[in-house]
Amino acid sequence: MKTYRVLVIPGDGIGKEVTACGKRVLERVGEKFGHRFVFEEALIGHAAIEATGSPLPDETIEKARATDAILFGAVGHPDYDNDPSLSVRPEQGLLKIRKELGLFANLRPIKPFDELLDASPIKPEVLKGADILFFRELTGDVYFGERGRREGGNVAYDTMVYARYEVERIARKAFEAARSRRRKLTSVDKANVLESSRLWREVVNDLARQYPDVTVEHLFVDTAAMKLIKDPRSFDVVLTGNLFGDILTDEASQIAGSMGMLASASLGDTVGLYEPIHGSAHDIAGKDVANPLASILSASLMLDISFGLKPEADAVTEAVAQTLREGFRTADIADARTPGEKVLNTEAMGKKVTERI
Ligand code: IPM
Ligand code: MG
């Protein structure tokens, strides 16, 4: 029996509740398919600041380097959101772990379950069949560029900066993925204004010559934001930078019905980190009402990408689909117009899916 080591980093807010469900799903897969998953836990974010003073303790990094894959929850705390003067912040933990582990490619698949077409604010006939794979660059851009204050603190700046190799390595992954899908790649930038975007576009065009079978389209980010809602089916693989990708994938989550549905994989050259795209959602934390499906679907991505267990990954996704087909919903994806719907809490939803694997 093969052993897979998984580091669970629940983080803050609803992170604990949802990763508990993701973890249980992995345990179930272990039982059903005859694998052994061994789990460790580590701290990050506000939870880590409280316990150690640091949003990313060294111990967490050491554990992360020693594991086969990471199941991540969320980071953030309202006290910090409302007090910009605090210099140690929960989010720094997440940004730092991405950087330290070299997780430069964030894959965010957007594919609505047919059962949830009515849960989206977008018309079902516009959505049906949409299947988008975002490649969001994750360790560069304005997130990591030089920042500061000058003129006595009255002027603030953040620098959007990209190096050729940073664009090239993620673009390559996106081209490869497009090859195994519908062979269309949409690169999103703001090259009509930004120099970093002009470099981005140059690199993508250079690389495109090596992928003549992939159709490349360039969109400005404002146009992309509009087209995602107007015609989500026109996208296949979307390649974009860190900030644009952060914003566009929250927008695109509505194609899948809810932020609570979207899983992601953060990849580099070593260990993969699997995280919902949603945040810590303190307004609903500890109430057992959060949607655990993003964490469960993140576990499915882990099985597929880090462990090469595609049938197991599909069994998890199918268990989610079946649970939805049977009418079970969490509050965020409930739709009063759908007859026969049963609204479940976090743990109960996790249990339904687990039983169906
Ligand atoms: C995400 C989140 C993070 C980001 C925050 C929590 C720092 O919004 O993963 O999308 O901006 O990358
Ligand atoms: Mg985000």
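Points to keep in mind about this one:
- Most mobile listed residue (257, 22, 148) in the chain, GNM with C-alpha springs under 10 Å: 148
- Phi angles of segment 277-283 translate, via the Karplus equation with coefficients 6.51, -1.76, 1.60 and θ = phi - 60°, into HN-Hα couplings of 7, 6, x, 7, 6, 4, 4 Hz per residue; Gly and Pro are given as x.
- Kirkwood estimate for the chain, i.e. one over the average of 1/r between Cα atoms, Å: 20.9 Å
- Portion, in percent, of the accessible area of segment 269-310 that falls on carbon or sulfur, probe 1.4 Å: 51 percent
- Residue (of 113, 49, 78) at the positive-pole extreme of the chain, dipole from beta-carbon charges: 113
- Computed over segment 121-256, Kirkwood Rh from alpha-carbon pairs, angstrom: 15.6 Å
- When the alpha-carbon atoms of segment 193-337 are used, the pair Rg, Dmax equals 17.8, 52 angstrom.
- Loop-located GluC sites (Glu not before Pro) in segment 234-327 (DSSP state not H, G, I, E or B) with no more than 16 neighbouring Cβ atoms inside 10 Å: 326.
- Summarising the amide proton neighbourhood of residue 238: residues at separation of 5 or more, or on other chains, whose placed amide H is nearer than 5 Å comprise 133, 134, 135, 186.
- Normalised convex hull volume, segment 206-292, alpha-carbon set, Å³ per residue: 147 Å³
- Loop sites in segment 128-211: GluC sites (Glu not before Pro), DSSP, at most 16 other Cβ within 10 Å: 146, 151
- Based on protein heavy atoms only, segment 133-183 ends up with 54 Å² per residue of surface accessible to a 1.4 Å probe.
- Distance between the C-alpha centres of segment 293-310 and segment 124-156: 25 Å, rounded to the whole angstrom.
- Charge dipole (debye, nearest 20) of the chain; +1 at Cβ of Lys and Arg, -1 at Cβ of Asp and Glu: 960 debye
- Note on surface exposure: 107, 293, 194 rank 194, 107, 293 by accessible area, highest first, 1.4 Å probe.
- Cross-link reach list, lysines versus residue 342, counting only Cα pairs under 20 Å and skipping chain neighbours closer than eight places: 287, 351, 352
- At a probe radius of 1.4 angstrom, the accessible area of segment 213-264 per residue rounds to 32 square angstrom.
The values are calculated or read from the model by the stated rules, or taken from the named source; none is laboratory data. Note that the coordinates shown come from a computational prediction; the quantities given were computed from them, not determined experimentally. Note: ideal-geometry Cβ built from the backbone for every residue, glycine included; neighbour counts use all protein chains shown. With ligands, DNA and RNA removed, areas are computed over all heavy atoms of the protein, side chains included. Shrake-Rupley method; radii C 1.70, N 1.55, O 1.52, S 1.80 Å.
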